[in-house]
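*Asks:* So that we are looking at the same thing, I have put the structure below in structure tokens.
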Amino acid sequence: MEQFGNLRPPARKVVNIHDLLDRAQRSARVSYAAHMAIFEQFDPSLPPTFVDGDQLLQVFLNLLKNAAEANPTGGTITIRTFYDHALRLRRKDGTGNALPLQVEIIDDGPGIPPELAAQVFEPFVSGRENGTGLGLALVSKIISDHDGWITLDTVPGRTVFRISLPVAPKTPQGD
């Protein structure tokens with residue numbers, strides 16, 4: 001629970017999402033995902049986003065670690081980026097913003113059981129015997145704090161975590 005209380009507000013700046021993904025996958029390859037094949041399907045034309053790079057890096061590391069742990073004997077992880085013009089987040093107050101930058105972390109593991117998948121972003125929900133159930137809750141909080149959205153699509157043999165983020169404003173604050 002300390003992680004939630006210690007999480008500072010995002011110190012946002014203009015960031016190239018591919019730089020963060022490259023750092024995350026390089027770290028994963030030499031540690032917890034050494035037994036996995038990691039593939040990139042990047043859209044090189046993606047514009048930058050406006051995020052706290054350290055916090056978003058933590059999100060990517062966590063998702064890659066989960067994907068690797070889902071396949072202890074090996075498998076594949078695909079990191080995919082693309083642009084989706086149609087995706088918009090609408091808040092309860094009627095305001096909203098476009099979230100066109102898409103990042104997917106895809107693994108070919110056993111999938112997440114439906115009863116767990118519905119609650120996977122809630123604190124203390126874990127599918128692992130010794131799991132705390134805080135990793136994905138923290139991921140969800142960080143993405144929400146960045147005005148983004150995270151979703152899960154899972155079936156046996158394919159689990160996809162998709163993060164949707166806004167494009168950096170033309171004149172970002174704090175830069």
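*Asks:* With the structure loaded, tell me whether residue 137 is in a helix (DSSP H, G or I), surrounded by 15 or more Cβ atoms within 10 Å (Cβ to Cβ) and modelled with pLDDT of 75 or more or whether it fails that test.
*Replies:* Answer is yes for this residue.
*Asks:* Here are 64, 99, 57: which of them is in contact with a Pro (Cβ under 6 Å, 6 or more places away or on another chain) and among the aliphatic types (A, V, I, L, M)?
*Replies:* Answer to the selection: 99.
*Asks:* Can we say residue 115 is among the acidic types (Asp, Glu), free of Cβ contacts under 8 Å to residues at least 12 places away in the same chain and over 17 Å from residue 147 (Cα atoms)?
*Replies:* The answer is yes for residue 115.
*Asks:* I'd like the full set of residues that are in contact with a Phe, Trp or Tyr (Cβ under 9 Å, 6 or more places away or on another chain) and either within 15 Å of residue 140 (Cα to Cα) or of a type in the set (Phe, Trp, Tyr) (or both), limited to region 158-172.
*Replies:* Hits for region 158-172 are 162, 163, 164, 165.
*Asks:* Do we find that residue 10 is in contact with an Asp or Glu (Cβ under 6 Å, 6 or more places away or on another chain) and outside any helix (DSSP H, G or I) in this structure?
*Replies:* So residue 10 fits the description; yes.
*Asks:* Related question: Answer yes if at least one residue in region 45-58 is in a helix (DSSP H, G or I), under 16 Å from the mean Cα position of the chain (by Cα), of a type in the set (Val, Ile, Thr) and buried (at least 19 other Cβ atoms within 10 Å of the Cβ), and no otherwise.
*Replies:* no
The values are calculated or read from the model by the stated rules, or taken from the named source; none is laboratory data. Worth saying up front: this structure is predicted, and the values here are computed from it rather than measured. Neighbour counts are summed over all protein chains in view; Cβ atoms, including those assigned to glycine, are modelled from backbone coordinates with ideal geometry.
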